[in-house]
């Protein structure tokens, strides 16, 4: 009887140790969660098309775009409509950012001071359009709490810039769904910790072999009636794109 009791205690202890071990293995860190969400949205490479609609109290206009990305170091965007902006290309290649304007045959290197400016007059900044995938490596991440957003259980993560990285934000608050790692909401704050804008993701669809949000709304905090809405039309992930694709020569050739 005593021997049986000892075996029972030993078995119970082993079960507890295994439970603790496997629980530790399945618990994700904040940076792992952000990376999973980022990989879902961008993949190793991505290419696709989208519409960006700028909404203002008295008017709205829509830009059609094509975009290519490779990791966090390379991205390129071309405006395909309307005719007034058609052919303009923006490219990020590691730490350099360029703008090709075909109507005046001019190649412009964007200085760091322009990163916080609105991209093509929208509520997206130049940094958002060309640098967003870098959030994994350029920020420190901390899980603050869990809460529901749009009826989904989410991690709420605070992301603050690393000391050695020049970024335009003082911090970001990110809501990432626990089940699928959708980035559902992002609040961006300036260096004085005032809310500048909120991004809401919705309309989850099967695209590029994944389920992911296909609609993104940027809502500035201080401009009532202002909004920028991006809708993905199509996207392809993880097809081979060489680093040489992201060149000034190719900026002049892509269509």
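The values are calculated or read from the model by the stated rules, or taken from the named source; none is laboratory data. Everything numeric here is computed off the predicted structure, so don't read it as measured data. In this analysis, Cβ positions are derived from the backbone assuming ideal geometry, glycine residues included, and neighbour counts consider all displayed protein chains.
So residue 34 ticks every box in (1) surrounded by fewer than 14 Cβ atoms within 10 Å (Cβ to Cβ); (2) modelled with pLDDT of 90 or more but one. Which box is left unticked? Condition not satisfied by residue 34: (1).
Taking the criterion of being within 27 Å of residue 136 (Cβ to Cβ) and assigned to a strand (DSSP E or B), the residues of the range 69-87 that qualify are 69, 70, 74, 75, 76, 77, 78.
With the requirement that a residue be in a loop (DSSP other than H, G, I, E, B), modelled with pLDDT of 95 or more and over 14 Å from the mean Cα position of the chain (by Cα), what does the range 152-191 give you?
Filtering the range 152-191 down to residues in a loop (DSSP other than H, G, I, E, B) leaves 162-170, 178-182, 190-191.
Narrowing the set further to residues that are modelled with pLDDT of 95 or more leaves 178-182.
178, 179, 180, listed by residue number.
One residue alone among 115, 173 is out of contact with any helix residue (DSSP H, G or I) (no Cβ under 8 Å at 6 or more places or on another chain) and closer than 25 Å to residue 229 by Cβ, and that residue is 173.
For the range 51-77, residues that are farther than 13 Å from residue 248 by Cα and surrounded by 19 or more Cβ atoms within 10 Å (Cβ to Cβ) total 7.
Say whether the condition of being more than 30 Å from residue 180 (Cβ to Cβ), touching a strand residue (DSSP E or B) at 6+ places or on another chain (Cβ under 7 Å) and modelled with pLDDT of 95 or more is met by at least one residue in the range 59-74.
Within the range 59-74, one or more residues are more than 30 Å from residue 180 (Cβ to Cβ), touching a strand residue (DSSP E or B) at 6+ places or on another chain (Cβ under 7 Å) and modelled with pLDDT of 95 or more.
When 103, 148 are checked against the criterion of being in a helix (DSSP H, G or I), loosely packed, with under 12 Cβ neighbours inside 10 Å and out of contact with any helix residue (DSSP H, G or I) (no Cβ under 7 Å at 6 or more places or on another chain), a single residue qualifies: 103.
May I ask you to verify whether residue 79 is in contact with a helix residue (DSSP H, G or I) (Cβ under 8 Å, 6 or more places away or on another chain) and modelled with pLDDT of 95 or more? Full working, then the answer.
On the way: in contact with a helix residue (DSSP H, G or I) (Cβ under 8 Å, 6 or more places away or on another chain): yes; modelled with pLDDT of 95 or more: yes.
Judged against the criteria, residue 79 is a match.
Only one entry in 202, 214 is at pLDDT 95 or above, within 21 Å of residue 75 (Cβ to Cβ), surrounded by fewer than 20 Cβ atoms within 10 Å (Cβ to Cβ) and in contact with a strand residue (DSSP E or B) (Cβ under 9 Å, 6 or more places away or on another chain), namely 214.
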